[in-house]
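What follows is calculated from the coordinates using simple rules that are stated; it is not laboratory data. Here the structure is a predicted model, which is why all the values come from computation and not from measurement. Every residue, glycine among them, receives a Cβ derived from its backbone with ideal geometry; neighbour counts consider all protein chains shown.
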Amino acid sequence: MTLSVRIIPCLDVTEGRVVKGVNFTNLVDAGDPVEMAALYGIEGADELTFLDISASSAGRETTLDVVRRTAEQVFIPLTVGGGIRSVDDVDRLLRAGADKVSINTSAIARPQLIAEIADRFGSQVLVLSVDARRARTASGFEVTTHGGREGTDIDALAWVEQACALGVGEILLNSMDADGTRAGYDISMITAVRAVAGVPLIASGGAGALEDFAAALDAGADALLAASVFHFGIHRIGDVKSYLAKHNYPVRTNTIG
Amino acid sequence: MIAILDYGSGNLRSAERAFATSGHDVVVTSDARIAFEADGLVVPGVGAFAACMKGLDAIDGSEIIRKRVLSERSVLGICIGMQILFSHGDEHSDGVPHSGVGVWDAVVSKISAPILPHMGWNTVDAAPGSSLFKGIEDQAFYFVHSFAAKKSVGVHQTWTTYGERFLSGVEDGYVSATQFHPEKSGAAGLALIKNWSNSL
């Protein structure tokens, strides 16, 4: 009896559509989020993540509708991130059918938001999304905001420790150096964050070859998030799970339904 | 009809839709009469033990649950909705255990494991003779929690190990509970919901 590693497709959503581009530029439309979520559910995704990158409030309303329609037909956990600034924003998303929310920029601006959300809804609903890159901070990793476009001079490891103390339930670590490259997860960054995080760690950014997924688990990740390799059909979720199972990593291979 | 008890706790939309797949009518309610009279009552719950008890007390939920148990009407607790069925929860650092509904006499306490919450898909050691797990004994279910009951209660006990062994399912006549979220456990979870709703 072992906890399975989680394979999590991430859908970047704007104005009700899924997008994903290399290093967050040159976005390419890759489909309808509700349809893709249902498909990934059938293919064996262990969770789903929506990252709302809409710039407008109308876009955010559309996302709430996407969350509603997804939660009605896909019975696996759904995390939604992007643009969450308050406890009320979290409340709206949970009521729409999200199980967890991920926050990033708003928590950096006001760390107490972490405690406020955790106190109201419990730590388990709160994922801290950390967009980190190599820089001259104490650990060599810096937190960025705005999809990696802006540095903060905040040390990534110190931030993870602070956020864990404030009550986040999970860390989503996105390497801005590796994001979109398909050259492999950022192993040294995962190793460093694993050492200071007492909560589950989701690795993100850089997934390409099947071996990459195993390497991130070896570095200490509990869950693996990927976007473009799934959206563009480079790997199916089943391929990743078969590869991991073959190499003795615990994966969920439910045989019913 | 299945009633899902609304006491201000989390995402009830998926629970409503998941239970509706059983073919039963489903209503999300905080109304004591509807919750008492439904064929089955689902007690969901996310967050902290004490906060859930507070929300439950605000709608007289403990009384609804106790009355249903006494009148042999089915109740299914999910996650924190399972935990609050126990007599005590020591989810807080103040060292003072909080009182639960008290259907089962045991304390819900922190799991001993290096990484918490226990989050993700895990399997169960299903109780022999379990009707809840019939046909899905070998499946994985979605857990997200840091606390659990570790003492045997009820008629059928289903166990899971993460750091230590804890109760992942209890069946005790008309009262059942799962520490995992069947409404988030894909086809396996829907099958469990079907097993439970077939007993109504």
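Using a cut-off of 23 Å between Cα atoms, the listed pairs B:110/B:151; B:54/B:110; A:100/A:246; B:54/B:184; A:241/B:134; A:241/B:110 include A:100/A:246; B:54/B:184; A:241/B:134; A:241/B:110 as exceeding that distance.
Of the residues A:226, A:37, A:138, the one that moves most in a GNM of chain A with alpha-carbon contacts below 10 Å is A:138. Above 29 Å, the calculated P(r) of the protein assembly as shown contains 44 percent of its Cα-Cα pairs.
Applying 1/(1 + (r/R0)^6) with R0 = 30 Å to the Cβ-Cβ distance of residue B:71 and residue B:99 gives a FRET efficiency near 0.85. Rounded, prolate or oblate: which fits the range A:138-214 when a ≥ b ≥ c are the square roots of the eigenvalues of the alpha-carbon gyration tensor, with rounded for a/c under 1.5 and prolate only if a/b beats b/c? Taking the square roots of the gyration eigenvalues as a ≥ b ≥ c, the range A:138-214 is oblate. Dividing the summed helix terms, -39500 (n - 2.57) for each DSSP H run of n ≥ 4, by the number of residues in chain A produces a 222 nm estimate of -10500 deg cm²/dmol to the nearest 500.
For chain A, leaving out every one of the trypsin sites (Lys or Arg not before Pro) that falls in a DSSP loop and has at most 12 other Cβ atoms within 10 Å, the longest unbroken run is A:1-135. Taking amide H as placed 1.01 Å from N in the peptide plane, the amide H of residue B:106 sits under 5 Å from that of B:87, B:88, each at least 5 places away or on another chain. When +1 charges are put on Lys and Arg Cβ atoms and -1 charges on Asp and Glu Cβ atoms, the dipole computed for the range A:6-246 relative to its Cα centre reaches about 60 debye.
Here the spin labels are modelled as points 7 Å beyond Cα on the Cα-Cβ line, and at residue B:63 and residue A:87 they lie 2.8 nm apart. With a Förster radius of 35 Å applied to the beta-carbon distance between residue B:39 and residue B:152, the computed FRET efficiency rounds to 0.80.
Over the residues of chain B, the helix contribution to mean residue ellipticity at 222 nm works out to -7000 deg cm²/dmol, using -39500 (n - 2.57) for each DSSP H run of at least 4. Note on residue B:1 and residue A:73: with the Förster distance fixed at 22 Å, the Cβ-Cβ geometry gives a FRET efficiency of about 0.50.
Here the 3J(HN,Hα) profile of the range B:183-200, calculated from phi with Karplus coefficients 6.51, -1.76 and 1.60 at θ = phi - 60°, is 6, 10, 10, x, 4, 5, x, 5, 5, 5, 4, 5, 4, 5, 5, 5, 7, 6 Hz, Gly and Pro shown as x.
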